[in-house]
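Notes to accompany the following structure.
Each reported figure results from applying straightforward, stated rules to the coordinates on display, with no laboratory input. Keep in mind it's a predicted model, so treat the numbers as computed, not measured. In this analysis, Cβ positions are derived from the backbone assuming ideal geometry, glycine residues included, and neighbour counts consider all displayed protein chains.
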Amino acid sequence: MNGRTLFVLGCFGALAAYPLFAGSFGLDLVTKIMISAIFALSLELLVGGAGLVSFGHAAFFGIGAYAAVLLSPRDEPAALLWLAPAGVLAAALYALAVGALSLRTRGVYFIMVTLAFAQMAYYVVHDTPLGGGTDGIYLTLLPTLGGSLDLAKAPVMYGLTLAALALVFGGLALLSRSRFGRALAGIRVNEQRMRATGFATYPYKLAAFTISGGIAGLAGFLFAVKDGFVNPELLSWHLSGAVLIMIILGGIGHLRGALIGAFAFALLQEFFKSDAIFGAFAKHWLLGLGLAIIACVALMPRGLVGLPAQWRDRLSGRAPRRAAAGTGAPR
């Protein structure tokens, strides 16, 4: 068992033990961060796995969240075991449609097309009665998970989110080691060479885009169940930018980097929002957060996950290694 595996197991072990000594605020915060981590893992599959930078990923997150509300009956709670897959399927189907068109473009054009599709979805829920307009809509009845499990209780919601995070992380880890994952890695490094060896790269990229959208939909579904409320901002480009920052901060090309980046981003937000630390400056927390992210990217080009290797390179006197732009680093 290598060090990376031990690190991941240690992280999940710590998360499993956390409710034993955490208060209600801590449980709520870490549940929110774990949902962000699932969202970050979905984008990591695209950016780090296939080298596809999407700037419209919030659309799939928002569709999963809205599906949780719109598909829930008004007179009785829905069963989680069918509502959650329905939310994932709704996001995956939209991702399939978006990917089928956007993957015919490349580079900055691909980025802009994904953003355009996300803005289309945003304005559908923002300007029509379907999603309640700018006011959003409430999830009046939480879905049920067995007779004795109440998702309104913070520890139960925490356990459900942790289980979903472990399932997504484990599934993506297996996927990256499969023939499909190796093909995506080849596409990320040199798509032209993959075509020359006989691979039809478009179906692989479309499959990755669809899976990524479904996972983002799962994160959105969990967010809606946790907060009991959704609004159009869940589909905005601001959220797409935030999740992209998470994986850059953690280290592109590493599943554990997505986890680290989600926690680092959320904790930096809480740090700069703290009145106890910054006083009146806390209302300008976005300025502090932006400066901190710039410093992290400048000083840690491989992200937080690459910091130990960066220190080893400096101590040994070797020139620091940098991942090639758009290719990510080995997992």
Please report the orientation-averaged projected area of the stretch 76-122, defined via the convex hull of its C-alpha atoms, in nm². 4.1
Could you tell me which of rounded, prolate or oblate describes the stretch 1-93, using a ≥ b ≥ c as the square roots of the eigenvalues of the alpha-carbon gyration tensor, with rounded for a/c under 1.5 and, failing that, prolate when a/b is larger than b/c and oblate otherwise? oblate
Checking rank on 180-189, 56-65, with mean other Cβ inside 10 Å and highest first, the result is 56-65, 180-189
Beyond 19 Å, what share of the Cα-Cα pairs of the stretch 1-52 remains, rounded to the nearest whole percent? 46
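Using a/c under 1.5 as the rounded threshold, could you call the stretch 146-247 rounded, prolate or oblate? The axes a ≥ b ≥ c are square roots of the C-alpha gyration tensor eigenvalues, and prolate needs a/b larger than b/c, oblate otherwise. Write down the numbers at each step before the final one.
Working: a/c = 3.25, a/b = 1.93, b/c = 1.68.
The shape class here is prolate.
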With Rh as the Kirkwood radius over Cα pairs, the stretch 41-111 has Rg/Rh of 1.09
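Quick one: T197, T105, fewest Cβ neighbours within 10 Å first, how do they rank?
Lowest to highest Cβ neighbour count: T197, T105.
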Among (1) 40, 25, 22; (2) 37, 24, 15; (3) 30, 26, 20, the entry matching semi-axes √(5λ) of the Cα gyration tensor in Å as calculated here is (3)
Quick check: convex hull of the Cα atoms in the stretch 143-194, volume per residue, rounded to a whole Å³? 104
Taking each full run of DSSP H in the chain as one helix, which ones are at least 18 Å long along their axis (Cα atoms) and have mean Kyte-Doolittle hydropathy of at least 0.5? 3-17, 24-50, 80-102, 107-127, 154-177, 201-227, 237-250, 255-273, 285-299
Residue among L142, L304, L289 with the largest mean-square fluctuation in a Gaussian network model of the chain, springs linking Cα atoms under 10 Å: L289
Per-selection Rg to Rh, the stretch 201-288 - Cα, Kirkwood hydrodynamic radius: 1.05
Could you list C296, C11 in order of exposure, starting from the residue whose Cβ has the fewest other Cβ atoms within 10 Å? C11, C296
When you count, for each residue, the other Cβ atoms within 10 Å and take the mean per peptide, how do 231-239, 259-267 rank with the highest first? 259-267, 231-239
Mind giving me the nanometre distance, one decimal, between the label points for A116 and L6, set 7 Å out from Cα along Cα→Cβ? 5.1
Is the stretch 102-184 best put as rounded, prolate or oblate by its Cα gyration tensor, with a ≥ b ≥ c the root eigenvalues, rounded for a/c under 1.5, and otherwise prolate when a/b is larger than b/c, oblate when not? oblate
